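Chemist: My questions all concern the structure below.
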Amino acid sequence: IGLGLVGFGIFFILFGVLLYLDSVLLAFGNILFLSGLVFIIGFRRTFNFFFQRPKLKGTSFFLGGVLIILMRWPLLGMLLETYGFITLFRSMF
């Protein structure tokens, strides 16, 4: 279930970007992606990952971007989300 939700979330995000930043598709993709992440690794581990002290800056930008997209400002939201995503997963790149 978790991998399916993450996969559909990524699909909707990419489809939303292809349709010139459609805010509804982007918001739906973000919600699916985050809920899939919770299903894969669990609520507590997801919470601990996002709210570690060194990752608070990336978390705030990522979740702020999700909020901005939900408020129908997709370009600014995607820019904030991208910066937050790169900051969160910097150790993997």
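Chemist: Condition first: aliphatic (A, V, I, L, M), out of contact with any Ser or Thr (no Cβ under 9 Å at 6 or more places or on another chain) and open to solvent by 40 Å² or more (accessible area, probe 1.4 Å). Now tell me which residues in the stretch 18-67 satisfy that.
Modeler: L18, L19, L21, V24, I31, I41, L56, L63, L67
Chemist: What's the number of the only condition in (1) within 10 Å of the chain's Cα centre (by Cα); (2) of a type outside the set (A, V, I, L, M); (3) farther than 18 Å from I31 by Cα that T87 fails to meet?
Modeler: The single condition T87 does not satisfy is (1).
Chemist: For the stretch 1-75, please list each of the helices (runs of 4 or more DSSP H) lying entirely inside it that holds at least 2 residues being in contact (Cβ under 8 Å) with a residue 40 or more places away in the chain and under 14 Å from the mean Cα position of the chain (by Cα).
Modeler: 2-18, 23-41, 56-70
Chemist: Within 23 Å of I1 (Cα to Cα) and aromatic (F, W, Y): is that true of F49 in this structure?
Modeler: So F49 fits the description; yes.
The values are calculated or read from the model by the stated rules, or taken from the named source; none is laboratory data. Here the structure is a predicted model, which is why all the values come from computation and not from measurement. Positions of Cβ are backbone-derived with ideal geometry, glycine not excepted, and every protein chain shown enters the neighbour counts. We work out accessible area using only protein heavy atoms, side chains counted, and drop any ligands, DNA or RNA first. Shrake-Rupley method; radii C 1.70, N 1.55, O 1.52, S 1.80 Å.
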